[in-house]
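J.: Okay, handing you the structure first.
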């Protein structure tokens with residue numbers, strides 16, 4: 001058995017509740033050690049998804065795709081300028097959407113059009129009307 005270390009983290013209360021409910025359903029009980037076990041599995045899975053696994057000697061993180069980085073930059077601007085939080089399904093006005101792309105990626109109309117199309121093609125946003133966008137992810 002490998003040596004274990006204490007790790008203290010802060011997560012949203014809703015996520016904590018969902019995690020504990022999941023564990024109780026999965027194991028039909030909530031005993032000492034089950035939370036640690038499930039978090040250990042989740043972190044291991046996350047690391048496996050985000051690191052190269054072909055060669056065990058190389059453990060560099062997989063680079064985030066350009067689209068994901070572009071969307072993260074877009075959302076960071078929205079958070080810094082307009083919103084307290086961004087959740088999937090959130091509806092924002094067209095003005096905020098355009099400003100987000102312009103400030104994150106550039107104000108050239110071709111750039112705005114390219115990032116709009118990229119977000120749409122990747123299912124990250126959905127146009128609800130001429131004046132509203134839904135942030136899907």
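The values are calculated or read from the model by the stated rules, or taken from the named source; none is laboratory data. Worth saying up front: this structure is predicted, and the values here are computed from it rather than measured. Here the Cβ is made from the backbone with ideal geometry for all residues, glycine too, and neighbour counts use every protein chain on show.
J.: So residue 94 fits all but one of (1) farther than 30 Å from residue 48 by Cα; (2) surrounded by fewer than 16 Cβ atoms within 10 Å (Cβ to Cβ); (3) in contact with a helix residue (DSSP H, G or I) (Cβ under 8 Å, 6 or more places away or on another chain); what number is the exception?
T.: (3)
J.: Of the residues 59, 66, 28, 32, only one is modelled with pLDDT under 90 and in contact with a strand residue (DSSP E or B) (Cβ under 7 Å, 6 or more places away or on another chain); which?
T.: Selected residue: 59, the only one of 59, 66, 28, 32 that is modelled with pLDDT under 90 and in contact with a strand residue (DSSP E or B) (Cβ under 7 Å, 6 or more places away or on another chain).
J.: Among the residues of region 62-76 satisfying the criterion of being farther than 22 Å from residue 129 by Cα and touching a helix residue (DSSP H, G or I) at 6+ places or on another chain (Cβ under 7 Å), which is surrounded by the most Cβ atoms within 10 Å (Cβ to Cβ)?
T.: Filtering region 62-76 down to residues farther than 22 Å from residue 129 by Cα leaves 62-70, 72-73, 76.
Still in the list and also touching a helix residue (DSSP H, G or I) at 6+ places or on another chain (Cβ under 7 Å): 62, 67, 70, 73.
Values: 62: 10, 67: 14, 70: 20, 73: 15.
Within region 62-76, the match that is surrounded by the most Cβ atoms within 10 Å (Cβ to Cβ) is 70.
J.: Suppose we filter region 61-85 for residues that are over 16 Å from residue 123 (Cα atoms) and either free of Cβ contacts under 8 Å to residues at least 12 places away in the same chain or not in a helix (DSSP H, G or I) (or both); how many remain?
T.: 10
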